[in-house]
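Trainee: First the structure, then my questions, so here it is.
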Amino acid sequence: MLIVEESLNDAEMLISVLRNAGHPVRATRAEDDEDVEKALDEEKFDLFICNTSLEIYPFSKAKEQIAASGKDLPLVALSEVEDSAKRNEMMEAGAVEMVSKSDLDNFRLVIEREFANLKNRRRLRQVEKSLKETEKRCRSLLDSSRDSIAYIHEGMHIYANK
């Protein structure tokens, strides 16, 4: 998990909440865009948590750096207070959710949900890759057959080997 937060204590509090919930957490803390860029280049992360009130690191920069890295990395906005207007603004800016530091139970639930969503996306990509490989092998088998093979579905010609 990559955390952009000024306060080391707040970052440790968030990590502690997840560890107390039984999640093994390896976190890297960054303070500015150079730290984030270096971390994204060197390590693989499952989640990106960014404080929305940092002057040195604007929230929009987080989304830009994730896009530039080409990684599938959920971005969770972290706010000092609960504000629905700001939540909408952050979600329009690319956050999957905005959580308040004062509601740690919600923070835990959001992180668990986003991690589960990430695992599902990764599984889907793996299944799609396996499907493409299987289709390629089937097509190769059909193409290498000496017999004529045609695939017709509901009266429509779909495939025929040479």
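Trainee: Give the number of residues within segment 57-72 that are within 23 Å of Val110 (Cα to Cα), outside any loop (DSSP other than H, G, I, E, B) and without any contact (Cβ under 8 Å) to a residue 40 or more places away in the chain.
Mentor: 8
Trainee: Suppose the filter is farther than 20 Å from Leu104 by Cβ, in contact with a strand residue (DSSP E or B) (Cβ under 9 Å, 6 or more places away or on another chain), surrounded by fewer than 19 Cβ atoms within 10 Å (Cβ to Cβ) and charged (D, E, K, R); does Asp35 pass it?
Mentor: yes
Trainee: Further, regarding this structure: Could you pull out the residue among Arg87, Arg19 that is surrounded by 14 or more Cβ atoms within 10 Å (Cβ to Cβ) and free of Cβ contacts under 8 Å to residues at least 12 places away in the same chain?
Mentor: Values: Arg19 fails: surrounded by 14 or more Cβ atoms within 10 Å (Cβ to Cβ).
Answer to the selection: Arg87.
Trainee: Filter segment 39-57 for residues that are more than 18 Å from the chain's Cα centre (by Cα) and open to solvent by 30 Å² or more (accessible area, probe 1.4 Å) and give the result.
Mentor: Ser53, Glu55, Ile56
Trainee: Restricting attention to segment 121-162, which residues are outside any helix (DSSP H, G or I) and surrounded by 10 or more Cβ atoms within 10 Å (Cβ to Cβ)?
Mentor: Of everything in segment 121-162, those that are outside any helix (DSSP H, G or I) and surrounded by 10 or more Cβ atoms within 10 Å (Cβ to Cβ) turn out to be Ser145, Ile149, Ala150, Tyr151, Ile152, Tyr159, Ala160, Asn161.
Trainee: To continue, here is another question. Taking only segment 96-113 into account, find how many residues are open to solvent by 10 Å² or more (accessible area, probe 1.4 Å), closer than 22 Å to Pro58 by Cβ and not β-branched (Val, Ile, Thr).
Mentor: Residues flagged as open to solvent by 10 Å² or more (accessible area, probe 1.4 Å), closer than 22 Å to Pro58 by Cβ and not β-branched (Val, Ile, Thr) within segment 96-113 amount to 2.
Trainee: Ok, one more. Can we say Ser79 is in contact with a helix residue (DSSP H, G or I) (Cβ under 8 Å, 6 or more places away or on another chain) and among the hydroxyl-bearing types (Ser, Thr, Tyr)? It would help to see each step written out before you state the result.
Mentor: On the way: in contact with a helix residue (DSSP H, G or I) (Cβ under 8 Å, 6 or more places away or on another chain): yes; among the hydroxyl-bearing types (Ser, Thr, Tyr): yes.
Answer is yes for this residue.
The values are calculated or read from the model by the stated rules, or taken from the named source; none is laboratory data. Just so it is clear, the structure is predicted and the values come from calculations on it, not from any experiment. Glycine also receives a Cβ, built like all others from the backbone with ideal geometry; neighbour counts cover every protein chain displayed. Just the protein is used for accessible areas: all its heavy atoms, side chains included, with ligands, DNA and RNA removed. Shrake-Rupley method; radii C 1.70, N 1.55, O 1.52, S 1.80 Å.
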